[in-house]
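Okay, so here's the structure we're looking at.
Quick note: the coordinates plus some simple rules give every number you see, no bench work behind them. Not measured: the values here are computed from a predicted model. Positions of Cβ are generated from backbone atoms using ideal geometry, with glycine treated the same way; all protein chains shown enter the neighbour counts.
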Amino acid sequence: MCAAILLAEDDPSQAELVRRYLVASGHDVTVAPDGQRTLELARSRRPDLIVLDVMMPRLDGLTVCRVLREESPVPILILTARSSEDDMLLGLDLGADDYLTKPYSPRELMARVRTLLRRAVPAPARPERVLRIGRIVVDLDGHTVTVADRPVECTPAEFAILAAMAAQPERVLTRPQLLEHTRGIDRESTNRAIDTHIMNLRRKVESDPRRPVHLLTVYGVGYKISDAAR
């Protein structure tokens, strides 16, 4: 399971160690050096999981946990040097899903991450088969795209990318994540090819491809689809 993970850790060496283990497990990792930045990144990037250190500058991890839990059901794994039962219960009461005390083994951390990600997977349900983002309509069964009721021809790779984005509006998808949706469709596809597909899609679905309002670039991260009417 490839997940977008936000790692909140102010110790650069510890953050780099944990980041490497997470990346080696196939995850896309963003590091936040303090509590305030953690809140900002959690709100803008909507990660699948947050690994949250308690002792951080600007805002401590417990405050961050409380605020995030009021805003989102995102799984939160707290890392802390505090090992008393009261500290653990406080973190759980504030909304953390799991609690790991320092020092810990990287293998145990990875096991906790896998468990939380599995729990976060929703129960199987019939997915929405017609996706609407503003004036863009993606029909998954009919494999068609319309813009303001006008049919738009898309290549299989373009359709796969647009459908992946439309299924998660306002969520930023990285190039590797979008690339996964073209596996088996476009054998030559690369991260750079994703940029080309997005450029071609903009020509087809945007009124002005040079000033897109639906297929947006999030610099340094990837792309997201937005309902410009919001």
* So how do C154, C2 line up by other beta-carbon neighbours within 10 Å, fewest first? -> C2, C154
* **Percent RCO, i.e. relative contact order, over the chain, from Cα pairs under 8 Å lying at least 6 residues apart** => 12
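Listing M55, M199, M165 from the residue with the fewest other Cβ atoms within 10 Å to the one with the most, what is the order?
On the way: M55 16, M199 12, M165 30.
Ascending number of Cβ neighbours within 10 Å: M199, M55, M165.
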* What nm distance separates the two modelled labels at D208 and T196, each placed 7 Å from Cα along Cα→Cβ? -> 2.8
* Helix 61-71: angle to the longest alpha-carbon principal axis of the chain, degrees 0 to 90, nearest 10? -> 40
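Once you charge only the Cβ atoms, +1 for Lys and Arg and -1 for Asp and Glu, what is the size of the charge dipole of the chain about its Cα centre, to the nearest 20 debye? Walk me through the numbers on the way to the answer.
Numbers: 33 positive and 33 negative charges, 147 e Å.
For this selection, approximately 700 debye.
As a test, work out the antiparallel percent of DSSP beta bridges whose residues both lie in the chain, rounded to the nearest 5.
Given both bridge residues lie in the chain, the antiparallel proportion sits at roughly 50 percent.
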* Structure fact -> For the chain, the longest principal axis of the Cα atoms and the Cα long axis of helix 12-24 enclose an angle in degrees, to the nearest 10, of 50
* Using the charge dipole of the range 4-120 (Lys, Arg: +1 at Cβ; Asp, Glu: -1 at Cβ; taken about the Cα centre), state which of L79, L94, S105 has its Cα farthest towards the positive end. => S105
* Cα long-axis angle, helix 35-45 against the chain (0 to 90 degrees, to the nearest 10) -> 20
* Structure fact -> Per the rule of 0.36 nm per residue minus the C-alpha distance, extending T217 to A111 adds in nm 34.8 nm
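Could you compute how fast the chain diffuses translationally, taking Rh as the Kirkwood radius over C-alpha pairs and applying Stokes-Einstein at 10 °C with viscosity 1.306 mPa s? Give it in µm² per second. Walk me through the intermediate numbers first.
Details: Rh = 19.2 Å.
This corresponds to a translational diffusion coefficient of 83 µm²/s.
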* What is the fewest-to-most order of V64, V54 by other Cβ atoms lying within 10 Å of their Cβ? -> V54, V64
* Identify, among V145, H181, V213, the residue whose Cα sits farthest towards the positive end of the charge dipole of the range 130-225, taking +1 on the Cβ of Lys and Arg and -1 on the Cβ of Asp and Glu, with the dipole about the Cα centre. => V213
